[in-house]
Amino acid sequence: MFVRRSAVSVALVAALAAWTMALESCSKTSEPARAAAPGTARVNPAATSANDPALPGMPPLLDSHNIYAADRAGNVSDAISRFPARIYVPNTGSNSVYVIVPLSFKVVDHFSVGRQPQHITPSYDLEHLWVLNDLGDGITEIDPATARKGKTIWVKDPYNMYYTPDGQFAIVVAEREARLNFLNAATMKLVESVPVPCRGVDHMDFSANGRFLIASCEFAATLVKVDVATRRPLGTLALGAGGMPQDVRSSPDGTLFYVADMMANGVYVVDPYAFTRVAFIPTGKGAHGISISRDARLMYVSNRGEGTVSVIDLATRKQVSRWEIPGGGSPDMGGLSADGTTLWLSGRYNREVYAFDTKDGRLLARIKVGKGPHGLAVYPQPGRYSLGHNGVFR
């Protein structure tokens, strides 16, 4: 039945609607903009400052101008110097780990792990390695003193894993669930599961003061910034339509972040505090993994789609050299030898591992491994503690 409303009631309804909309507007200041342009924040990120005090419990930086000061060549702590030098290679397609002796370039062992191992992550205290069995929902321990497999612990969707700079939490990057799961670093028990406002979250790095992290969202072409202490997203940053951001690394002085994008074929340069895009460095097709040289002057970017490695001068942000794999290849994630003379990279689609001489880019070896090698770990490494991934140290 149709009932005619009086002019007064209509006015009251209109006033109530306007008041409600005003309240909703105030409460939605952190919601994503519907049409954010590339290089602008979709969410209003809380402004952060490089002058903010360090995260409580984080070890003080050795050099405020170089967060990698503890990673200098040969600076392996006494606690882990007894470990044999090995390259640990997770093979996503064959559910295995291969162990390589770097001096001989020989595979000396291999063992089965859970389904789809993606990365091998050093623990915060450097005493253990964890194989991240993504689709197997578990992490398998490796004892780096013996290079042997240990126990497996149930962990949901461990595509990647990092540690907060104070060592309190392991952050499991649950890519398929779009969450960052904060686990007690000692017990690996879930403390809090934090949803992130983007698809395909996978790689990250931390600010110099440890107060926040910035993670790439591969399937959303965005970055997400998360407060470490409160474990809450601060905002997202659109990089560009059709992009697929991958590895993320801080500059030595902490004033910039570098983000490899495999569809943009280069590296985005981001101001982590203002959370804005400031530049772009072309490298090559399928830009994917990032490593920083032992003297913190160079950045090595693996271009998976064309079988090359770009060497970037961090002072000028210019490519100074380009290494090619003879006959092609698919260089992915990796790391430097403890002395910095060799860059080790997995060959994702070629069932092999590459070793490059960092002096001249010469390919020293290509070693056959299992199917789909991904986030290999070079171990032991210089540094006081691990921030995770396949070897990010401070």
Would you calculate the separation in nanometres between label points at ASP143 and SER193, each defined as 7 Å from the Cα along the Cα-to-beta-carbon direction? 3.3 nm
Need one number: nm distance between label points at SER321 and LYS151, each 7 Å from Cα along Cα→Cβ, rounded to one decimal. 4.5 nm
Extension gain (nm, one decimal) between ARG362 and ASP253, 0.36 nm per residue minus Cα-Cα: 36.3 nm
Only one of the listed values, (i) 140; (ii) 179; (iii) 162, was derived from the coordinates as volume of the Cα convex hull per residue in Å³; which label is it? (iii)
For PHE111, placing the label point 7 angstrom along Cα-to-beta-carbon and taking segment 148-187, residues whose amide nitrogen sits under 17 Å are 148-154
Residue-averaged 222 nm ellipticity for the chain, from DSSP H runs of 4+ at -39500 (n - 2.57), nearest 500: -2000 deg cm²/dmol
Work out how much length LYS371 to ARG176 would gain on full extension: take 0.36 nm times their residue separation and subtract the Cα-Cα distance, in nm to one decimal. 68.0 nm
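Here, each number is a calculation from the coordinates, and none is a lab measurement. The structure displayed is predicted, hence computed values, not measured ones. Heads up, the Cβs are rebuilt from the backbone with ideal geometry, glycines too, and the neighbour counts pull from every protein chain shown.
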